[in-house]
Amino acid sequence: RGIPQTRVTYIQQIDLKGFIPSFVANSKITSTLELLSDMRNKFDKSLEIDAGQRSELVQRIQQFGSNARAAEALSKFHELYAEKHRWERPSMSFGSTDSKVQVDRVSGRAWAATSVNVPASKEEVAAFIWEFGSRAMTTISGDVERTFEDVEVKEGSEDGSAIKRLVRRRQKLDSTHGLNHRDRSFNSEMSLYLFGDDILILLTPSKTSTKIAKYVSHIRPSIAKGPLPSVDTSESIAIRIRNLGEGRAKLDYACVLGLGVTASHGASVAFIERRLEEVVDISIYFQRLVPLEAFKVEDGRALAHDLLWKSDFSKQRVERLNEVVVKSRALRELCLRHTWMKAMLSAALEGSLTRNKAVRTKLVCVSEKEGIRIGKNLVPSLMTEQLATAGVNEWKIQ
């Protein structure tokens, strides 16, 4: 793909000159291997590699045209996206995302739908989702195994999709009661359609039971070689992507999973909510690529939600801040411009209740200590007002 890559082989031999228990020696040796991990993170080019792959697919998608079967794909999307009886809100929500879930306690079928705005064009979002084996999708999904095989679509075929591939993913089913559930495997046909200004991606249960092994993108051996074989289940997913203008797109997602009758209600809810989290993480991925000079009000709100995503405690929020500072282009640029910014955000996210103390220093002269003081002033300001907006306004003038 034009990205230079290098393979590093690291060999280490140590003579400790004495009787050292093997478990002690092994623990020390493995810690020295962190050097390779640090080296890889230092020179990581995953963003560039994934961007190069997406750009090629974006050019292909822009050349596609609508066809008769695309209307059926749109009908399938509306069928899956329609609200189900007795739906509920998920346990976690991201910003203004409109998410719903519904789980049948008897059949083990789970349904979910969500809608989220993404700071990217519809072609970029579609290409990101289509790259089933990319580094980013592998990280976001957390799958034990992801494999795919491209299928040739002949012009004028009955299917009518622009491109198609067979995909297989294997996911862990976590128990809410500490039980050991068997992994769930999904074999699906993935098709992409264009209908008017919309891009549609459908995943339907595969009609063939043959193993998909042409490309293996990710396998975790420690999990994949477990004593319990996976359970073959089914998934039906419909995705619609449309442009909102100004380089932004709206992603509508609906999913129906057949997890089997052996899956408990709690495990099924947790499993289907993980699918919704994948959609949120796609939005976060593109949000972190937005540069500071292109930031808008909605980008600031999305960044705030990113800082608080999956962070219920102060320690988790600080850890999340450290991650976002590294991965968010805009926040990284802001922290380089104002060296006290990270300290201020860390103090604010800790959420400790202290007495307010105004800081009158000019912006260009603020020190790290004063930045911490500014961050600590946020919680008292919020506590003294009934509306959060009023508390923030009071904080800003201090």
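The values are calculated or read from the model by the stated rules, or taken from the named source; none is laboratory data. Values in this document were obtained by computation on a predicted structure and should not be read as measured data. Methodologically, a virtual Cβ is constructed for each residue, glycine included, from the backbone with ideal geometry; neighbour enumeration extends over all protein chains shown. Quick note on the areas: whole protein, heavy atoms, side chains included, nothing else; ligands and nucleic acids left out. Shrake-Rupley method; radii C 1.70, N 1.55, O 1.52, S 1.80 Å.
Quick notes
- Tabulated pairs, segment 360-389, first closer than 16 Å to TRP340 by Cα, second open to solvent by 60 Å² or more (accessible area, probe 1.4 Å) and of a type in the set (Ser, Thr, Tyr), C-beta under 8 angstrom, 6+ apart or interchain: GLU368/THR339
- Taking the criterion of being under 23 Å from the mean Cα position of the chain (by Cα) and polar (S, T, N, Q), the residues of segment 308-345 that qualify are SER311, SER314, GLN316, ASN322, SER328.
- Going through (1) within 30 Å of LYS100 (Cβ to Cβ); (2) open to solvent by 80 Å² or more (accessible area, probe 1.4 Å) one by one, ILE11 falls short only on (1).
- Within segment 357-376, the set of residues being part of a loop (DSSP other than H, G, I, E, B) and in contact with an Asp or Glu (Cβ under 9 Å, 6 or more places away or on another chain) comprises VAL359, THR361.
- Enumeration of residues in segment 182-205 that are buried (at least 18 other Cβ atoms within 10 Å of the Cβ) and at pLDDT below 85: ASP183, ARG184
- Unmet criterion (only one of (1) within 27 Å of ALA70 (Cα to Cα); (2) open to solvent by 60 Å² or more (accessible area, probe 1.4 Å); (3) more than 21 Å from the chain's Cα centre (by Cα)) for ASP232: (1)
- Summed over segment 294-326, residues that are among the acidic types (Asp, Glu) and free of Cβ contacts under 8 Å to residues at least 12 places away in the same chain total 3.
- Top-ranked residue of segment 170-181 - restricted to ones that are surrounded by 15 or more Cβ atoms within 10 Å (Cβ to Cβ) and either polar (S, T, N, Q) or in contact with a Leu (Cβ under 9 Å, 6 or more places away or on another chain) (or both), ranked as modelled with the highest pLDDT: GLN171
- Number of positions in segment 243-269 that are in a helix (DSSP H, G or I) and either surrounded by 18 or more Cβ atoms within 10 Å (Cβ to Cβ) or not small (Gly, Ala, Ser) (or both): 4
- Cβ-Cβ distances below 8 Å connect the following pairs, each with a first residue in segment 56-72 that is under 12 Å from ASP198 (Cα atoms), a second residue that is surrounded by fewer than 16 Cβ atoms within 10 Å (Cβ to Cβ) and of a type outside the set (A, V, I, L, M, F, W, C), and a separation of six or more residues or different chains: SER66/GLY196.
- Which numbered condition TYR81 fails, given (1) under 22 Å from the mean Cα position of the chain (by Cα); (2) at pLDDT below 85: (2)
- A single member of ALA347, ALA390 is crowded, with 19+ Cβ neighbours inside 10 Å, assigned to a helix (DSSP H, G or I) and out of contact with any Leu (no Cβ under 7 Å at 6 or more places or on another chain), and it is ALA347.
- Residue check, SER283 outside any helix (DSSP H, G or I) and closer than 21 Å to SER141 by Cα: no
- Within segment 354-372, at least one residue is open to solvent by less than 30 Å² (accessible area, probe 1.4 Å) and either within 30 Å of ASP44 (Cβ to Cβ) or in contact with a strand residue (DSSP E or B) (Cβ under 9 Å, 6 or more places away or on another chain) (or both).
- Residue list for segment 17-56, restricted to those being assigned to a loop (DSSP other than H, G, I, E, B), open to solvent by 100 Å² or more (accessible area, probe 1.4 Å) and farther than 23 Å from GLU131 by Cβ: LYS17, PHE19
- Within segment 60-158, strands (runs of 3 or more DSSP E) holding 3 or more residues that are out of contact with any helix residue (DSSP H, G or I) (no Cβ under 8 Å at 6 or more places or on another chain) and surrounded by fewer than 17 Cβ atoms within 10 Å (Cβ to Cβ): 145-151
- Of everything listed in (1) touching an Asp or Glu at 6+ places or on another chain (Cβ under 8 Å); (2) in contact (Cβ under 8 Å) with a residue 40 or more places away in the chain; (3) open to solvent by 20 Å² or more (accessible area, probe 1.4 Å), the single unmet condition for THR339 is (2).
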